[in-house]
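The values are calculated or read from the model by the stated rules, or taken from the named source; none is laboratory data. Since this is a predicted model, take the numbers as computed values, not measurements. Cβ atoms come from the backbone with ideal geometry, glycine included; neighbour counts cover every protein chain shown.
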Amino acid sequence: METEAVRARLLKRREELHTRASSARADLRHESDPLSADFAEQVTQRESDEVLGAISESAREELRQIQAALRRLDEGTYTACSVCGEPIEEGRLQAVPYTDRCRRCAEGSQPGPRRGP
Ligand SMILES: [Zn+2]
């Protein structure tokens, strides 16, 4: 698994989604709104929520998954299925680089970890 290539791909995709979110947000908000310094700070703190609020649910979900995938890359658990712990098929990771589940678990009806009997 070429994890650096995967990371580059995920970062690029995240950038695309952020760009899309920023332009969507600019459409929603009047750029000329006067903001006090304090309010601007609060806005900065809430920036990410606001950005995510401006894009579609599916794009938001994809961003979440990309963030999680990047974290798993850092932790070295990227190729392990988060549900059953088995390695995720490489072909599947190439098709869906932000997935955290092997094919079998992804096709299972119920999401979320299942542990024990
Ligand atoms: Zn699995």
Q.
Checking the structure you have, find out if any residue of segment 83-90 is part of a helix (DSSP H, G or I), farther than 23 Å from residue 16 by Cβ and modelled with pLDDT under 95.
A. yes
Q. Going by the conditions given, is residue 65 part of a helix (DSSP H, G or I), polar (S, T, N, Q) and either near the ligand (Cβ under 10 Å from one of its atoms) or buried (at least 16 other Cβ atoms within 10 Å of the Cβ) (or both)?
A. yes
Q: Output the qualifying pairs, or none if there are none: Cβ atoms under 7 angstrom, residues six or more apart or on different chains, first residue in segment 84-98 and closer than 15 Å to residue 8 by Cα, second residue assigned to a loop (DSSP other than H, G, I, E, B) and within 15 Å of the ligand (Cβ to nearest atom).
A: 93/79; 93/99
Q. Has segment 20-28 got any residue that is among the charged types (D, E, K, R), at pLDDT 80 or above, part of a helix (DSSP H, G or I) and surrounded by 12 or more Cβ atoms within 10 Å (Cβ to Cβ)?
A. yes
